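S.K.: Just passing along the structure, written as structure tokens.
The values are calculated or read from the model by the stated rules, or taken from the named source; none is laboratory data. All values reported here derive from a predicted model rather than from experimental measurement. Please note: Cβ atoms are built from the backbone with ideal geometry, for glycine as well, and neighbour counts cover all protein chains shown.
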Amino acid sequence: MNPLAETEIARLDHLIDVLGDPADLDTAVHTTRKGIKRLRAFLRLARRSIGTTTYRIENGALRDTARLLAPARDAYVLIETARDLDAPERVLLEFDEEYAAAIAVLESVSRLEAVHRLKAIARRWNLLVWHGPDVKSIGSGITRTYRRGLVDFETVLTTPTSSAFHGWRRRVKYLRYQLELLDAPGEFLAPYADLGDDLGLEHDQTVMLAACDVHAHDAAYASLGRRSLERRRQLRIRALEHGATLFDQEPESFRRAVEEMVGLR
């Protein structure tokens, strides 16, 4: 079996264990969602080797599994973000109630369904003949991810909407995980990881603003929303500054640089 594929199948098995018998549910949800992003980043490297049809089936299966965990994760993020913004105790209590409701659904339905789906994915992956990802497939995946990140960055510059930032964030995360999978040097990887973290925090503020909009008539939420909006503005400015230096070359040039860096040339 291809070494990269073997590593990612082991990662998939680990996620099944983490979510199947969680010592801490919040940590299990976070670990599983992050792990699924890494698996989807790997699939983007393997796409040329496994074929577009298989890629789309498996990528879609992982995406849909992650969505089962999203409500609980968003509810947790709301509490943490509200605390960072010094939200009033009353607001925190209301977020706690929403979190408890999300956890109840997770425990009664979503977690076991997600485990069931991950097991089905693992069974299919163990049956696949993993000829790759070979060098050509990896190069194609890196080029595609960087190109889409570059396009999404340009979209954010011209149309800085929440959905545009969300799309860019996903590309940056995939690129970061692909570089990790290829053991890129830390000094090269770190700026992409930092940018991904900032865009993740930007997304957290967008989730907060949506929650505040639901209670726009409430002065406490309105005040919280203003602080969240300012924090998001700062994060966006920093992300755009970093993006200008990280997405400043042709995709093929980026691919060649990465291949040489990790010993694929």
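S.K.: Among the numbered conditions (1) of a type outside the set (S, T, Y); (2) touching a Ser or Thr at 6+ places or on another chain (Cβ under 8 Å); (3) not in a helix (DSSP H, G or I), tell me where D86 comes up short.
M.R.: It is condition (2) that D86 fails.
S.K.: So, in the range 154-171, of the ones that are of a type outside the set (K, R) and within 13 Å of the chain's Cα centre (by Cα), which residue ends up surrounded by the fewest Cβ atoms within 10 Å (Cβ to Cβ)? Full working, then the answer.
M.R.: From the range 154-171, those of a type outside the set (K, R) are 154-168; that's our starting set.
Next, from what is left, pick out any that are within 13 Å of the chain's Cα centre (by Cα): 165-168.
Details: F165: 23, H166: 15, G167: 18, W168: 29.
Within the range 154-171, the match that is surrounded by the fewest Cβ atoms within 10 Å (Cβ to Cβ) is H166.
S.K.: Can you tell me which residue among L93, L112 is assigned to a helix (DSSP H, G or I), in contact with a helix residue (DSSP H, G or I) (Cβ under 9 Å, 6 or more places away or on another chain) and assigned by TED's automatic domain parsing to the domain that holds I57?
M.R.: L112
S.K.: Moving to a separate point now. Within the bounds of the range 175-195, is there any residue that is in contact with a Leu (Cβ under 7 Å, 6 or more places away or on another chain), surrounded by 13 or more Cβ atoms within 10 Å (Cβ to Cβ), under 27 Å from P71 (Cβ atoms) and of a type in the set (D, E)?
M.R.: No, that holds for no residue.
S.K.: It is to be established whether one or more residues within the range 67-83 are loosely packed, with under 13 Cβ neighbours inside 10 Å, outside any helix (DSSP H, G or I), in contact with a Leu (Cβ under 9 Å, 6 or more places away or on another chain) and at pLDDT 95 or above.
M.R.: Looking for residues that are loosely packed, with under 13 Cβ neighbours inside 10 Å, outside any helix (DSSP H, G or I), in contact with a Leu (Cβ under 9 Å, 6 or more places away or on another chain) and at pLDDT 95 or above, one finds none in the range 67-83, hence no.
S.K.: Another question, if that's okay. Restricting the search to the range 117-136, which residues are under 22 Å from the mean Cα position of the chain (by Cα) and surrounded by 13 or more Cβ atoms within 10 Å (Cβ to Cβ)?
M.R.: Within the range 117-136, R117, L118, K119, I121, A122, W125, P133 meet the criteria.
S.K.: Is at least one residue of the range 216-226 buried (at least 16 other Cβ atoms within 10 Å of the Cβ), basic (K, R) and part of a helix (DSSP H, G or I)?
M.R.: Within the range 216-226 (the criterion being buried (at least 16 other Cβ atoms within 10 Å of the Cβ), basic (K, R) and part of a helix (DSSP H, G or I)), the answer is no, since none of the residues qualifies.
S.K.: On the basis of being of a type in the set (A, V, I, L, M, F, W, C) and within 23 Å of V29 (Cβ to Cβ), does A102 make the cut? First the steps, then the outcome.
M.R.: On the way: of a type in the set (A, V, I, L, M, F, W, C): yes; within 23 Å of V29 (Cβ to Cβ): yes.
For A102, the condition - of a type in the set (A, V, I, L, M, F, W, C) and within 23 Å of V29 (Cβ to Cβ) - is met.
S.K.: Something else: Considering only the range 147-194, how many residues are under 11 Å from F247 (Cα atoms), touching a Gly at 6+ places or on another chain (Cβ under 7 Å) and among the charged types (D, E, K, R)?
M.R.: Here the count works out to 1.
S.K.: Given L240, L179, which one is touching a Phe, Trp or Tyr at 6+ places or on another chain (Cβ under 9 Å), over 25 Å from D74 (Cβ atoms) and part of a helix (DSSP H, G or I)?
M.R.: L179
S.K.: Another one. Let me spell it out: the conditions are (1) farther than 21 Å from E202 by Cα; (2) in contact (Cβ under 8 Å) with a residue 40 or more places away in the chain; (3) out of contact with any His (no Cβ under 9 Å at 6 or more places or on another chain); (4) assigned to a helix (DSSP H, G or I), and S49 meets all of them except one. Which number is the exception?
M.R.: (3)
S.K.: Scan the range 117-149 for residues that are of a type outside the set (V, I, T), part of a helix (DSSP H, G or I) and in contact (Cβ under 8 Å) with a residue 12 or more places away in the chain and report the count. Break it down into steps so the answer makes sense when it comes.
M.R.: Just the residues of the range 117-149 that are of a type outside the set (V, I, T), to begin with: 117-120, 122-128, 130-134, 136-137, 139-141, 144, 146-149.
When the remaining residues are screened for being part of a helix (DSSP H, G or I), the result is 117-120, 122-127, 136-137, 139-141, 144, 146-149.
Narrowing the set further to residues that are in contact (Cβ under 8 Å) with a residue 12 or more places away in the chain leaves 117-120, 122, 124-126, 136-137, 139-141, 144, 146-149.
Result for the range 117-149: 18.
S.K.: Restricting the search to the range 13-34, which residues are small (G, A, S) and modelled with pLDDT of 95 or more?
M.R.: So in the range 13-34, the residues small (G, A, S) come out as 20, 23, 28.
Across the range 13-34, the qualifying residues are G20, A28.
S.K.: OK, next. Restricting to the range 201-260, count the residues that are in contact (Cβ under 8 Å) with a residue 40 or more places away in the chain and of a type in the set (V, I, T).
M.R.: Looking only at that region, the number is 4.
S.K.: How many of the residues in the range 24-66 are over 26 Å from A101 (Cβ atoms), among the polar types (S, T, N, Q) and buried (at least 18 other Cβ atoms within 10 Å of the Cβ)?
M.R.: Result for the range 24-66: 1.
S.K.: Then there is this: Only one of these is out of contact with any helix residue (DSSP H, G or I) (no Cβ under 7 Å at 6 or more places or on another chain) and in the same structural domain as D248 (by TED's automatic domain parsing): R147, R176, R170. Name it.
M.R.: Within the list R147, R176, R170, the selection yields R170.
S.K.: If I filter the range 12-22 for residues that are outside any helix (DSSP H, G or I) and either within 22 Å of V172 (Cβ to Cβ) or not polar (S, T, N, Q) (or both), do I get at least one hit?
M.R.: Yes, that holds for at least one residue.
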